[in-house]
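Below is one structure; the comments refer to it alone.
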Amino acid sequence: MPFQLSPAEEQVRKMTQEYAEREIVPRRKELQIDDKAIWKEQVIKQGKAGFHLHIIPREEGGTGLGFVASCIAVEELCAAWPDLQFVTYYEFAYYFVKATGGVVEEKFLPGIVSGDIKASAVVTEPVGGSDMLGLQTTARKVDGGWVLNGRKCFVEEGEVCDFIMILVKTGDPNDPATPGARSLSAFIVEKDMPGYRVGRLEDTIARKEDLAELILDNVFVPDSHVVGGEKGIGRGIPPVFTAVADIGRMTISAMLNGITLGSYRCAVQYAKERMAYGKPIAELQAIQHRIAEMAIDLEATRALTYRAAWLRTQGVRCDAEQAIAKQYATQAALRCSQHVVNIHGAFGVLEDYMPQRYYRHAPLRISAGGTSELMKNLIAISAIQRDGNPDLSSKSMDEAGW
Amino acid sequence: MKPLNIIVCIKPVPDSRYWDRLSLDPNTKVLRREGIPIIISPLDKNAIEEALRIKEARGGKVTVISMGPANTVEILASAFALGVDDAVLLTDRAFAGADTLATAYALASGIKKLGEFDLILLGNESLDGSTGQVGPQVAEFLDIPHVTNVEKIDFIDESTLRVRTRIEFGYMVIETQLPVTLAVTREINEPRIPSVFGALWATEKEAKQWSADDVGVDKDRIGLGGSPTYVPEVSNIELERRGEVLEGEPAEIAKQLVERLRADGVLPEA
């Protein structure tokens, strides 16, 4: 089994490192104090830089390098600053227009390829996210389209997205005509549609005004904006699941791996420079063991993330592998960001040093893209109901089976 | 305006992030570079950037040329990633151990083999050797004019350039005709960050590799044998910190400190 990145993927890492070293690292102090200006600047620059083009085929104007390259780019950006990456939203936009087709694709695809148009997947409501049948946002059929009403929350970069893909109720799950999941449909809502607005921006432990509330007050959405076209009504879950798994979970895993990578680099450098008892602390076994544990986590989390990304690039459905990657990446980032704080001693919690930054950001991803419990549910479904992949074939747990 | 054939000479140098691993070989008196990643010498990157900008403004072709061991193709891949059209590596054991004169002779020979050219660009000096000699020497071998310390290049017509060169306490503006060799400083531009497509160019384009025989050089003028420079001695400079405690009232200490700093030339004379 060739455990190696392709030369092009290695180049992607080198080039993204260079981007991060020039664009992000010198501005860490500014990011620490007030990140608003850099946020506005980077959302544009990263789009123009085109990191999202790796998941877009060459014939459509992308690099066609695939999901591993995308994960590498996100990982390097987030090693520089744990959540200063917008690749996810440009990739989302691409997925959504491909799932919708028609005028939506015609209108947005050129802007997505040129790095101007970004989007977000919007599912979660104040009442919850994983319990999709409990969603309360509704769409009512009218002539030529649908009228949407409701409130969604915790949308990352929701305030800067040009459009969203939103999951809403178009029926009653208890009605035999629209049973269960058939009561849900996905729509494309553009930011300038009347009645759509950004509500409250929530502060998190990592960032001020980090997560957006989105309000839909009698928003008219034309039939052309139903995801999946005419047959999309009652079939909202597959496109949302696919986008959340392929883009959401893969880039979240990569973001977390960026935290693990950044923590690791930071720890090794500090351990070699910091003197105690007349020698660098890297010579102390207690420090060495922490660094060894970080190295194990980094190796393992990358292997899991890249394999899921590789499977997806081959066109293999791999819900379980993506969930495994996300689950492990979360735990690894939580552990490693704590190791780096420990190794730095009191410096670890100073705002001018990076460890506290990694440590504060890691928990943000615990529930993003689905909680650890939901990840385990998904993994268990593939393991038990679909017989998993006990022989580690080139297929995924979903597709291999016993 | 006529499209230009631009050649950029680039040098592989040890990545400055790993300089703590560099050491001097006391016998051969050269740097031990094994295991240290190489990068394009930073000012050569400014030269590539300037070449690409000129090409983007008036069309043409940018070819990079370098000399070094086989792993130098890594920096040629980096040059492809930035968007250059073609790359040549002069690689042969016979080229090894060259000083600036032998290097410039080899590069000039490679450039001649490439055929017609309009403009040669390179960094004013390298990150590791910092002699600043190769640019002028290449120009002399090719019998064309050269300008060093170039911080601005403007075309005033098809083949006339106005270049600004940094001198002590100011700058000089020089007009020159193509073909010319220009050695550039970091002030000339801000090198671009490669586009994501650079990852494709870097891996799909291939550099030409030429041996001494391919280039047809006089073997007595290349490598260690062709290098008149002789390094009699090299030594590591050991730096040590020395602590000194000034005593007295705070105002008195401050006064003493200023005097000491003046005496050491850190602060100007009163």
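The table for this structure:
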{"item": "Span from the segment B:1-40 Cα centroid across to the segment A:50-72 one, whole angstrom", "result": "32 Å"}
{"item": "Cα-based Rg of chain A normalised by 2.2 N^0.38 Å, two decimals", "result": "1.00"}
{"item": "Segment B:15-52 residues near the modelled residue B:233 label - backbone nitrogen below 15 Å, point 7 Å along Cα→Cβ", "result": "B:26-27, B:29"}
{"item": "Residue-span extension gain [residue B:247 to residue B:214] - 0.36 nm each, minus C-alpha spacing", "result": "4.8 nm"}
{"item": "Directionally averaged shadow of segment B:10-152, computed from the convex hull of its alpha-carbon atoms, nm²", "result": "8.9 nm²"}
{"item": "Greater than 24 Å apart at Cα, pairs in B:45/B:219; A:48/B:11; A:48/B:45; B:113/B:205", "result": "B:45/B:219; A:48/B:11"}
{"item": "Dipole axis of chain B (+1 Lys, Arg; -1 Asp, Glu on Cβ), positive-most option in B:10, B:225, B:239", "result": "B:10"}
{"item": "Two-site label geometry, residue B:174 and residue B:205: point separation in nm, points 7 Å out along Cα→Cβ", "result": "2.9 nm"}
{"item": "Cβ-defined net charge surrounding residue A:54, 10 Å radius [Lys, Arg +1; Asp, Glu -1]", "result": "-2"}
{"item": "Long-range amide H partners of residue B:60 with built H, under 5 Å", "result": "B:4"}
{"item": "Separation of alpha-carbon centers, segment A:297-341 and segment A:168-226, rounded to whole Å", "result": "29 Å"}
{"item": "Estimated FRET transfer efficiency when R0 is 30 angstrom, pair residue B:93-residue A:3 (beta carbons, to 0.05)", "result": "0.35"}
{"item": "Positive-end residue of B:148, B:170, B:98, charge dipole of segment B:4-221 with Cβ unit charges", "result": "B:98"}
{"item": "Within a Gaussian network of chain B (alpha carbon springs, distance under 10 Å), most fluctuating of B:169, B:95, B:80", "result": "B:169"}
{"item": "Where Rh is the Kirkwood radius over Cα pairs, Rg/Rh for segment A:239-385", "result": "1.06"}
{"item": "Debye intensity ratio in log₁₀ form over the Cα atoms of the protein assembly as shown, taken at each q of 0.06 Å⁻¹", "result": "-0.45"}
{"item": "Segment A:7-113 - Kirkwood radius from inverse mean 1/r over Cα pairs (Å)", "result": "14.4 Å"}
{"item": "3J(HN,Hα) from dihedral phi, segment B:44-60, Karplus parametrisation 6.51/-1.76/1.60, rounded to Hz, x for glycine, proline", "result": "5, 5, 4, 5, 4, 4, 5, 4, 5, 5, 5, 4, 5, 6, 9, x, x"}
{"item": "Extension reserve of the residue B:259-residue B:158 stretch, reckoned as 0.36 nm per residue once the Cα distance is removed", "result": "30.5 nm"}
{"item": "Length added when fully stretched, residue A:25-residue A:208, from 0.36 nm per residue minus Cα-Cα", "result": "63.9 nm"}
{"item": "Hull volume in cubic angstrom per residue (convex hull over the Cα atoms of segment B:31-72)", "result": "81 Å³"}
{"item": "In Hz, Karplus ³J(HN,Hα) per residue of segment B:139-147 (6.51, -1.76, 1.60; θ = phi - 60°; x = Gly, Pro)", "result": "4, 5, 4, 8, 6, 10, x, 9, 10"}
{"item": "10 Å Cβ neighbours from other chains, averaged over peptide A:3-15", "result": "5"}
{"item": "For chain B, built as a Gaussian network whose Cα springs stay under 10 Å, the top-fluctuating residue of B:232, B:42, B:14", "result": "B:232"}
{"item": "Residue B:24 long-range amide H proximity, modeled H, under 5 Å", "result": "B:32"}
{"item": "Inter-probe distance in nm under a simple model that places probes 7 Å from Cα toward Cβ, at residue B:56 and residue B:143", "result": "3.7 nm"}
{"item": "Kirkwood-based shape ratio for segment A:118-187, expressed as Rg/Rh from alpha carbons", "result": "0.98"}
{"item": "Sites matching GluC sites (Glu not before Pro) across segment B:173-206 that sit in DSSP coil, with at most 12 neighbouring C-beta atoms within 10 Å", "result": "B:206"}
{"item": "Nearby lysines by direct alpha-carbon distance to residue A:152 (threshold 22 angstrom, same-chain neighbours under 8 apart not counted)", "result": "A:118, A:141, A:169, A:191, A:208"}
{"item": "Virtual spin-label span in nm between residue A:140 and residue A:316, 7 Å along Cα→Cβ", "result": "4.8 nm"}
{"item": "Shielding by other protein chains, B:72-78, mean Cβ within 10 Å", "result": "1"}
{"item": "D (Stokes-Einstein, µm²/s), Kirkwood Cα radius, segment A:119-236, 0.890 mPa s at 25 °C", "result": "172 µm²/s"}
{"item": "Residue-by-residue Karplus 3J(HN,Hα) for segment B:229-243, coefficients 6.51, -1.76, 1.60, Hz, glycine and proline x", "result": "5, 10, 9, x, 7, 10, 8, 7, 8, 8, 9, 10, 8, 10, x"}
{"item": "Positive minus negative residues near residue B:148 (Lys, Arg vs Asp, Glu; Cβ under 11 Å)", "result": "-1"}
{"item": "Charge sum, other residues only, whose C-beta stays under 10 Å from residue A:198's C-beta, Lys/Arg counted +1 and Asp/Glu -1", "result": "+1"}
{"item": "For the protein assembly as shown, calculated [θ]222 nm from helices alone, where every DSSP H run of n ≥ 4 adds -39500 (n - 2.57)", "result": "-12000 deg cm²/dmol"}
{"item": "R0 of 22 Å, Cβ-Cβ distance residue A:380-residue A:181: FRET efficiency to nearest 0.05", "result": "0.70"}
{"item": "GNM flexibility winner over chain B from B:117, B:197, B:141 (Cα, springs under 10 Å)", "result": "B:197"}
{"item": "Largest-first principal axis extents, alpha carbons of segment A:47-196, Å", "result": "47, 32, 28"}
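A short reminder: the numbers here are calculations on the coordinates, not readings from a lab. Please read all numbers here as calculations on a predicted model, not as lab measurements. Note that we place each Cβ from the backbone using ideal geometry, even for glycine, and neighbour counts take in every protein chain shown.
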